[in-house]
């Protein structure tokens, strides 16, 4: 997401080289990221080793001023994919996510659009991002009833302070065999250890971006972040490394999505693989945060378990 935005092309090249040297082959982008610059830069970097890479992109958000240049209609999805293929300089998308659920479009239309793209060979695996569990299950039901290619992956937000996915999204994904690639494992920097309440960096993405400020603005989240930073310091772990490792260790998670503005910032995420995230350590970190109530909201049953 930082390519062409927080990271200029030179920084993007350095990060691409660093993650390839680390063995990473999966790149996640979207047509809306930095006005398409993220896809354009990734497309240039991927030339020469496209067959070794898994490239995922997304569509839904507005790509222009026209009222139809957004959403999950067949019209927009098909046009968005053509644009992504050109920017990425590739003949197919390994994964295409519908970036948001679109209440204005019947799910049957959106799933048919994905099916047509799969049959045309332009999309290999259809997927969704930021969808509720019931919305994913509804889509799967339509696909299975019609004999269409089913969703294969989903992308929820998930980290130590954002644990709603544990209630229904992750169990639903596991039950359906869906790959899960959570984003924001470090909470947009909240869990980086830099955000002691009185000494936050005013230039940080968390404070500069109103979406992140709203998403992570509740006081209890900052309290958890401070406790988490102290916990990691006591155990000699970098908070970002521990945050990424914690997300990766959930049994329903396939792999967390990491990102950075430069190679120096990226290293802590790459070092997550060095942490032995045992069940005991995972639970100790989880205990620092709020466990979301069960789907039935029967808290007494949660306490018994």
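The values are calculated or read from the model by the stated rules, or taken from the named source; none is laboratory data. As the structure is a computational prediction, the values presented were derived from the model and not from experiment. Methodologically, a virtual Cβ is constructed for each residue, glycine included, from the backbone with ideal geometry; neighbour enumeration extends over all protein chains shown.
Can you tell me how many residues in segment 34-54 are within 19 Å of residue 98 (Cβ to Cβ) and crowded, with 22+ Cβ neighbours inside 10 Å?
2
Among the numbered criteria (1) under 19 Å from the mean Cα position of the chain (by Cα); (2) within 28 Å of residue 135 (Cα to Cα); (3) in contact (Cβ under 8 Å) with a residue 40 or more places away in the chain, which single criterion is violated by residue 42?
Result: residue 42 passes all but (2).
Residue check: is residue 142 part of a helix (DSSP H, G or I) and touching a residue at least 40 places away in the same chain (Cβ under 8 Å)? Before you say what the answer is, go through the steps one by one.
Details: part of a helix (DSSP H, G or I): yes; touching a residue at least 40 places away in the same chain (Cβ under 8 Å): no.
In short, no.
Return the only residue of 127, 132 being surrounded by 16 or more Cβ atoms within 10 Å (Cβ to Cβ) and within 16 Å of residue 174 (Cα to Cα).
The conditions single out 127.
If you scan segment 145-167, which residues turn out to be without any contact (Cβ under 8 Å) to a residue 24 or more places away in the chain and either under 19 Å from residue 292 (Cα atoms) or in contact with a helix residue (DSSP H, G or I) (Cβ under 6 Å, 6 or more places away or on another chain) (or both)? Working first, answer last.
To start, the set of residues in segment 145-167 that are without any contact (Cβ under 8 Å) to a residue 24 or more places away in the chain comprises 145, 147, 165.
The one that is without any contact (Cβ under 8 Å) to a residue 24 or more places away in the chain and either under 19 Å from residue 292 (Cα atoms) or in contact with a helix residue (DSSP H, G or I) (Cβ under 6 Å, 6 or more places away or on another chain) (or both): 165.
So, in segment 45-75, how many residues would count as being in contact (Cβ under 8 Å) with a residue 24 or more places away in the chain, out of contact with any helix residue (DSSP H, G or I) (no Cβ under 6 Å at 6 or more places or on another chain) and not in a loop (DSSP other than H, G, I, E, B)?
Count: 7.
Hey, does segment 234-246 have a residue that's surrounded by 15 or more Cβ atoms within 10 Å (Cβ to Cβ), in the same structural domain as residue 192 (by TED's automatic domain parsing) and more than 20 Å from the chain's Cα centre (by Cα)?
Looking for residues that are surrounded by 15 or more Cβ atoms within 10 Å (Cβ to Cβ), in the same structural domain as residue 192 (by TED's automatic domain parsing) and more than 20 Å from the chain's Cα centre (by Cα), one finds at least one in segment 234-246, hence yes.
So how many residues does segment 197-220 have that are touching a helix residue (DSSP H, G or I) at 6+ places or on another chain (Cβ under 8 Å) and modelled with pLDDT of 90 or more?
So the first thing to find is which residues in segment 197-220 are touching a helix residue (DSSP H, G or I) at 6+ places or on another chain (Cβ under 8 Å), and the list is 197, 200-202, 204-207, 209, 212-213, 215-216.
Retained after the next criterion (residues that are modelled with pLDDT of 90 or more): 215-216.
Result for segment 197-220: 2.
Collect the residues in segment 92-108 that are surrounded by fewer than 16 Cβ atoms within 10 Å (Cβ to Cβ) and touching a helix residue (DSSP H, G or I) at 6+ places or on another chain (Cβ under 7 Å), keeping them in residue-number order.
Correct list: 108 only.
Mind checking which residues of segment 145-164 are outside any loop (DSSP other than H, G, I, E, B) and in contact with a strand residue (DSSP E or B) (Cβ under 7 Å, 6 or more places away or on another chain)?
The answer is 153, 154, 155, 157.
Name the helices (runs of 4 or more DSSP H) wholly inside segment 204-305 in which the number of residues that are in contact (Cβ under 8 Å) with a residue 40 or more places away in the chain and within 28 Å of residue 14 (Cβ to Cβ) is 2 or more.
Ranges flagged: 239-248, 263-270.
Exactly one of these conditions fails for residue 272: (1) closer than 23 Å to residue 18 by Cβ; (2) surrounded by fewer than 17 Cβ atoms within 10 Å (Cβ to Cβ). Give me its number.
That leaves (2) as the condition not met.
If I go through segment 64-105 residue by residue, how many of them are within 17 Å of residue 118 (Cα to Cα) and modelled with pLDDT under 95?
The number of residues fulfilling the criteria is 0.
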